[in-house]
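Please treat every number below as a calculation from the coordinates, not as lab data. Because the structure is predicted, anything quoted here is derived from the model rather than measured.
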Amino acid sequence: MRMASYLCLVCCAACFSGFSTASETVSLEALIQTAKAQPAETSDPKPLSRHWVGSIREHDGSFTAVRLEKGMVDDGAVQLFSIEPDGSLAVGDSPTLVSRLPSRQHLEACQSFAILSKMLGDHGRAGFEKWVGPNGEHSRKIWVSVAQAPAGQLVMMIVRVELSQSEEDGTHIEKLEISRGYLRQADPKSDIDSLMFSSNSGSQRSKLPVSLYGEGTLPSYGAGRVIYSGAGGE
């Protein structure tokens, strides 16, 4: 009888422990400290204690609402996520936190893909596609990054580049699209934040007619590097 009661208590404790772990939140600062202290660390995604919201100015002049809701440390790099309508992570446009981002002007003036890659960093979470057309081989690469900005903000940048490759001409940048904007910590009591930056929107992020918080200005930074990954730091 006593053994049965003990087993019952153990099972109940395990259940409550599971509930506690599932509801555990983490701050961006805690993720940065973990990545800094343990460069090889990889953790499970956890809900952020404060979401990050803002608007991104797309390459065509439109604005996209963004809400980052979860975060993790992946091989020493801080990764942030939006959430898809089905509750899964929006992996395709999840930004990596880097120590600095290049300016739009420096990227647009870049004529070499090798230099462009160096400016954006080799450690970012870059998407990649490849196909063959009548004029040779083509590819598309995407970098999605965020960096800490003044006034407790984050600056988010999405760079999409299309390349053409041939034996005669080598590799050329065919198209370069840059989306950039600022995020701030969400106010959980704000109806405007809940309406304009809805949760579980994922890759179907709503288009905004105007920027709610403006693009602002930011000092021109150098090459993007994953923050506190590997050698880490500046």
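Here are the numbers:
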| item | result |
| --- | --- |
| ³J(HN,Hα) computed for each position of the stretch 91-96 - Karplus, 6.51 cos²θ - 1.76 cosθ + 1.60, integer Hz, glycine/proline x | 5, x, 10, 7, x, 9 |
| Reachable lysines, given that their alpha-carbon falls under 30 Å from the alpha-carbon of Lys46 and they are not under 8 places away in the same chain | Lys36, Lys70, Lys141, Lys189, Lys207 |
| Rg and Dmax [Cα atoms of the stretch 24-208; Å; Rg one decimal, Dmax integer] | 17.3, 59 |
| For the stretch 41-64 and the stretch 104-118, distance of Cα centres in Å | 24 Å |
| Karplus-derived 3J(HN,Hα), 6.51/-1.76/1.60, for each residue of the stretch 107-120, Hz, glycine and proline x | 5, 5, 7, 6, 9, 10, 5, 4, 5, 4, 4, 5, 5, 7 |
| For the stretch 38-55, 3J(HN,Hα) per residue [Karplus equation, 6.51 cos²θ - 1.76 cosθ + 1.60, θ = phi - 60°, Hz, x = Gly/Pro] | 10, x, 9, 6, 9, 10, 7, x, 10, x, 6, 5, 10, 5, 10, 10, x, 10 |
| Under-5 Å amide H pairs with Arg100, H placed in peptide plane, nonlocal only | Arg225 |
